[in-house]
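The values are calculated or read from the model by the stated rules, or taken from the named source; none is laboratory data. Treat the numbers as computed from the prediction; the structure is a model and nothing was measured. Virtual Cβ from ideal backbone geometry, glycine too; neighbours counted across all protein chains shown. Please note that ligands, DNA and RNA were not included when accessible areas were found on the heavy atoms of the full protein model with its side chains. Shrake-Rupley method; radii C 1.70, N 1.55, O 1.52, S 1.80 Å.
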Amino acid sequence: DVVESQEHYKSRWRSIWIMYLTMFLSSVGFSIVIMSVWPYLQKIDPTADASFLGWIIASYSIGQMVASPLFGLWSNYRPRREPLVISTAISVAANCLYAYVHVPHAHNKYYMLTARALVGFGAGNVAVVRSYIAGATSLTERTSAMANTSACQAVGFILGPVFQTCFTLIGEEGVTWKFLCLQLNMYTAPVLFGALLGVINIILIFAIFREHRVDDMGRLYKSINSDGEGSDVLDQNTEGSIDHVAVVALNILFFVILFVFAVFETIATPLTMDMYSWTRKEAVFYNGIILSVIGIESVTVFMVVKTLSKKTGERAILHAGLLIVLVGFFILLPWGKKLPNIQWQEIKNNSIPRTAPSEMLAPFWSLPELQLPSNHTAEPVGCPVTQSWCLNTPMIYLAQYISSDVLIGLGYPVCNVMSYTLYSKVLGPKPQGVYMGWLTASGSGARILGPVFVSQIYTHLGPRWAFSLICGVVVVSLLLLEIVYKRLIPFSVRYGRMQE
């Protein structure tokens with residue numbers, strides 16, 4: 001056995017911390033412009049509508065879904081520094097492109113679409129990050145490392161909009177540098193800041209990151225992309241086949257977990273506007289506060305599950321997390337007799353324009369300005385009559401909504417960490433790049449399909465059908481977990497090299 005030296009231990013964990021930073025920057029790259037995409041799009045290309053905005057938002061996840069398996073495959077056969085540096089460089093270049101999408105005289109919206117897709121493509125390095133951490137940690141270290149990774153990702157999503165808010169102080173006009181053809185304003189400064197962070201990340205990868213590989217018991221050995229100390233003798237620990245039934249099941253469970261959370265994120269604004277007669281400004285403000293609290297709650301949960309999993313095991317916690325999510329969506333089912341307020345219920349003719357359901361379900365940053373009649377000074381509030389279910393579906397009480405937010409904010413991070421951890425343990429010492437790529441791709445696919453699903457079901461059938469179907473999906477995932485429960489064990493345990 002090769003005993004790990006203190007210097008090697010420090011180097012290994014320094015490299016893991018660089019991976020935490022990479023994960024953080026990947027999520028910041030998504031969230032730092034999300035609040036300003038719609039107004040910037042309207043400014044650079046008046047021909048763009050809300051439906052095109054949907055493509056721009058989705059392009060990030062599409063790019064990540066395509067890139068994740070490719071970068072994962074690359075990391076299986078070459079030093080991981082290569083895909084990490086190239087992917088981060090792509091994100092830096094894409095952010096710079098985003099800052100210059102105002103320069104062309106036509107088709108500006110397509111340049112923005114390309115820029116966001118490339119940022120997502122660069123974020124495909126998430127698969128490399130997860131596979132490296134899985135290979136550089138022992139079984140006893142794995143859960144804690146995966147929880148830290150997810151916490152860094154969550155903090156990135158939280159701080160991105162905070163950075164964006166700070167840059168609004170520059171204003172829409174900002175400063176123009178003609179010799180660079182660059183407008184430094186509230187729309188371009190965030191992405192240039194993201195590009196700067198990406199450059200720093202590349203420098204740290206070259207300066208600090210090193211390849212390290214340990215087996216499930218923490219012993220060193222070399223792999224094809226390792227440049228550190230190790231022993232070829234321990235390569236025998238990779239003998240044995242991966243349980244592909246467990247792998248497929250965990251991919252499905254991870255898809256469901258990301259799918260239901262994407263539904264939750266998408267439905268928050270239109271649901272509260274319909275049920276509580278909130279204006280767009282109120283919905284953005286209140287839901288922003290709620291989502292920030294949920295983000296803080298999630299980071300806390302990530303820290304707690306590291307300790308809790310040592311006592312109960314990952315499978316039991318994943319089961320509990322899914323049950324909490326199920327209860328969270330079950331609480332959202334409408335009950336009682338009180339109906340939501342209807343938009344301008346006293347107006348019986350069609351002379352007053354209504355907000356189309358598709359617009360009500362667009363993200364809050366994409367809502368177009370309503371054209372109000374001259375005798376109205378405020379935007380319409382309440383449930384639009386164009387959604388026929390508003391006339392017969394009871395409202396969801398605010399206490400229900402808040403309780404559901406708290407439960408989903410508790411269950412989602414638990415499921416997220418445990419699914420990643422179990423997945424890496426099932427794969428064992430085999431190269432995990434491609435497998436982690438598929439897991440990341442399944443999550444990206446869920447984030448694309450979730451909003452599409454809820455926009456159709458909620459608009460046409462209402463919250464009762466939408467949340468009932470989500471509850472059904474979670475119940476099916478719980479049944480799947482029960483079926484494969486005994487197979488979700490570490491690779492080394494499966495082949496008798498370690499005791500569970």
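Odds and ends about this structure:
- Gyration tensor (alpha-carbon) shape descriptor, the chain, a/c threshold 1.5: oblate
- Scalar couplings 3J(HN,Hα) for region 402-412, obtained by applying the Karplus form with A = 6.51, B = -1.76, C = 1.60 to θ = phi - 60°, are 5, 4, 5, 4, 5, 5, 5, x, 8, x, 4 Hz; x denotes Gly and Pro.
- Environment charge at Met303 (Cβ cut-off 14 Å; Lys +1, Arg +1, Asp -1, Glu -1): +1
- With a 1.4 Å probe rolled over the protein heavy atoms of all chains, the accessible area of Leu308, Leu479, Leu333, Leu53 falls in the order Leu479, Leu308, Leu333, Leu53, largest first.
- Counting only lysines at least 8 places from Lys425 when in the same chain, those with an alpha carbon closer than 22 Å to its own are Lys222, Lys306, Lys310, Lys311, Lys486.
- Over every Cα atom in region 1-222, the radius of gyration and the widest Cα-Cα span, Dmax, amount to 19.1, 66 Å.
- Neighbour net charge for Trp438 - beta-carbon separation under 14 angstrom, K R +1, D E -1: +2
- Computed from Cα atoms, the angle from the helix 139-167 axis to the main principal axis of the chain rounds to 30 degrees.
- Under 5 Å, built H, 5+ apart or other chain: amide partners of Leu182: Trp177
- 1.4 Å probe accessible area per residue over the chain, in Å²: 42 Å²
- Whichever lysines have a C-alpha closer than 17 Å to that of Lys43, once near sequence neighbours (fewer than 8 apart) are set aside: Lys109
- Positive contributions from Lys and Arg (+1) and negative ones from Asp and Glu (-1), summed over other residues with Cβ under 13 Å from the Cβ of His102, come out at -1.
- The phi torsions of region 477-484, fed into the Karplus equation with coefficients 6.51, -1.76 and 1.60 and a -60° offset, translate into couplings of 5, 5, 5, 4, 4, 5, 5, 9 Hz, rounded to whole numbers, with Gly and Pro shown as x.
- What you get for the chain, charging only the Cβ of Lys and Arg (+1) and of Asp and Glu (-1), is a dipole of about 380 debye around the Cα centre.
- At a Cβ-Cβ separation cutoff of 4.7 angstrom, cysteine residues of the chain with no neighbouring cysteine are Cys96, Cys152, Cys166, Cys181, Cys415, Cys471.
- Measuring nothing but protein heavy atoms, the accessible surface of the chain at 1.4 Å probe radius is 66 percent carbon and sulfur.
- Toward the positive end of the charge dipole of region 1-222, with +1 on the Cβ of Lys and Arg and -1 on the Cβ of Asp and Glu, the farthest Cα among Gly156, Phe179, Ile16 is that of Ile16.
- Rounded to the nearest 20 debye, dipole of region 1-222 from Cβ charges on Lys, Arg, Asp, Glu: 340 debye
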